[in-house]
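Every number here is computed from the coordinates shown, using simple stated rules; none is lab data. Quick caveat, the model's predicted, so the values are computed rather than measured. Neighbour counts are summed over all protein chains in view; Cβ atoms, including those assigned to glycine, are modelled from backbone coordinates with ideal geometry.
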Amino acid sequence: FQVDRGNYRHFMAKEIHEQPEVIGHTLAHYLDLTAGCIRLPVTPSFDWASLDRLSIVACGTAYYAGLVAKYWFERLARLPVEIDVASEFRYREPPLPKNGLALFVSQSGETADTLAGLRYCKAHGQHVAAVVNVPTSSIAREADVVFPTLAGPEIGVASTKAFTCQLAVLASLAVAAGRARGHLGIDDEKRLVRALGDLPGLVVKTLRLEPRIVRLAREIAKVEDVLYLGRGSSYPIALEGALKLKEISYIHAEGYAAGELKHGPIALIDEVMPVIVIAPFDAIFEKTVSNMQEVAARGGRIILFTDSRGAAAASVPTLETIVLPDMPSEIAPLVYAVPVQMLAYHTAVLMGTDVDQPRNLAKSVTVE
Ligand code: G6P
């Protein structure tokens, strides 16, 4: 990997567009596409089948990758998952089970709070695994087992390709756990491996939505607040979308679980604040539609990211409906991450901010 911007104006743009390649590169280390099974690059030092609990600990964007993984591990492997941001986890002094796996997710592998959480888990008898992008980092060195992301160097402070590569690794691990724990059969594994193998192509198609996202960014650049909503594994993508936007455009944005709308943010709905809804057509799509109806009934402006089935089934007026390719719902978080990255990027460019080096933020937070 050459660390230059190439023909791109910012590293962030380059890193967004590198995603098909680096996701494919990462998955090549986890999938055997010919046999249709997961083949982990390292043999875990623990047995998935005998784990009582998985604790996922991370900060920032890596934390949201962990939050998606919670849905995957619970659904595909029936493994109980607790997740927390590292700065809370480390000082909570949480009780940990005898047969627990602690998983640390970090691009840099140097985040101080995440590293402290790792040391706490080691001292409390957990199996310690890490998903890291920098193989020589402290977290990689101190973990019992390292599941690498192969995103290459990420320069933009706002994480993009590291996030989707983390998701690719975490999805592979969840499928491996599901098989080992007897909750997925061979055919389930084959289907999911095929779906994961399709990811680079799906991300290529999604990147082609960029001209529409640029037009949307012109609307977003005019407002002061944006609300992002999602349910299930789209909820962490709503959180990530809001984080990306606030980090680089300095527009206030909040991510919310769609079902929590009525417990607070509904009071904010007006004719100005865009409500961005992340909703692939899945088993809970209709629930999200009823939340959109609540927004529409109050004159709210909805921007819907969905697929062809969702666009046909969503009976609500929207300001914009952006249609992503159809795909199995398990892999949707990975693909839906891309348009929210592009939206934050283009909004920030219009606002004239320092996209790669946003004010007050650091790429790697090695102090508390
Ligand atoms: C900083 C960066 C974020 C990143 C977080 C965690 O806040 O600005 O982009 O998600 O740290 O970093 P890590 O290297 O542990 O993934």
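All of (1) within 23 Å of ILE322 (Cα to Cα); (2) within 16 Å of the ligand (Cβ to nearest atom); (3) surrounded by fewer than 19 Cβ atoms within 10 Å (Cβ to Cβ) hold for ASP198 with one exception: (2).
Consider region 16-57. How many of its residues are at positive phi and buried (at least 20 other Cβ atoms within 10 Å of the Cβ)? Reasoning before the result, please.
Filtering region 16-57 for residues at positive phi gives 36.
From what is left, the residues that are buried (at least 20 other Cβ atoms within 10 Å of the Cβ) are none.
Result for region 16-57: 0.
State whether the residues of region 65-77 include one that is hydroxyl-bearing (Ser, Thr, Tyr), in a helix (DSSP H, G or I) and farther than 30 Å from GLY185 by Cα. Before the answer, list the steps.
First pass over region 65-77, keeping only residues hydroxyl-bearing (Ser, Thr, Tyr): 71.
After this cut, where a residue has to be in a helix (DSSP H, G or I) as well, the list is 71.
This time we only want the ones that are farther than 30 Å from GLY185 by Cα, so: none.
Checking region 65-77: not a single residue is hydroxyl-bearing (Ser, Thr, Tyr), in a helix (DSSP H, G or I) and farther than 30 Å from GLY185 by Cα.
Taking the criterion of being hydroxyl-bearing (Ser, Thr, Tyr), closer than 18 Å to LEU324 by Cα and in contact with a strand residue (DSSP E or B) (Cβ under 7 Å, 6 or more places away or on another chain), the residues of region 208-265 that qualify are TYR228, SER234, TYR235.
Restricting region 140-191 to residues that are over 16 Å from ALA65 (Cα atoms) and among the basic types (Lys, Arg), the residue that is nearest to the ligand (Cβ to nearest atom) is ARG141. Out of curiosity, is ALA49 among the small types (Gly, Ala, Ser) and away from the ligand (no atom under 16 Å from the Cβ)? Judged against the criteria, ALA49 is a match.
Could you please find all residues in region 208-228 being touching a Ser or Thr at 6+ places or on another chain (Cβ under 7 Å) and buried (at least 19 other Cβ atoms within 10 Å of the Cβ)? Give the steps one after another, and end with the answer.
Narrowing region 208-228 to residues touching a Ser or Thr at 6+ places or on another chain (Cβ under 7 Å): 217, 220-221.
If the condition is that a residue be touching a Ser or Thr at 6+ places or on another chain (Cβ under 7 Å) and buried (at least 19 other Cβ atoms within 10 Å of the Cβ), then ALA217, ILE220 are the ones that fit.
In region 347-360 there is at least one residue that is within 16 Å of the ligand (Cβ to nearest atom) and surrounded by 22 or more Cβ atoms within 10 Å (Cβ to Cβ).
Inside region 93-116, residues that are assigned to a helix (DSSP H, G or I) and either within 11 Å of the ligand (Cβ to nearest atom) or among the hydroxyl-bearing types (Ser, Thr, Tyr) (or both) make up a count of 4. Does TYR256 meet the test of being within 16 Å of ASN291 (Cβ to Cβ), of a type in the set (Phe, Trp, Tyr) and touching a residue at least 40 places away in the same chain (Cβ under 8 Å)? When the stated conditions are applied, TYR256 does not pass them. In this structure, does VAL42 turn out to be closer than 16 Å to ASP144 by Cβ, of a type in the set (Val, Ile, Thr) and away from the ligand (no atom under 16 Å from the Cβ)? Yes, satisfied.
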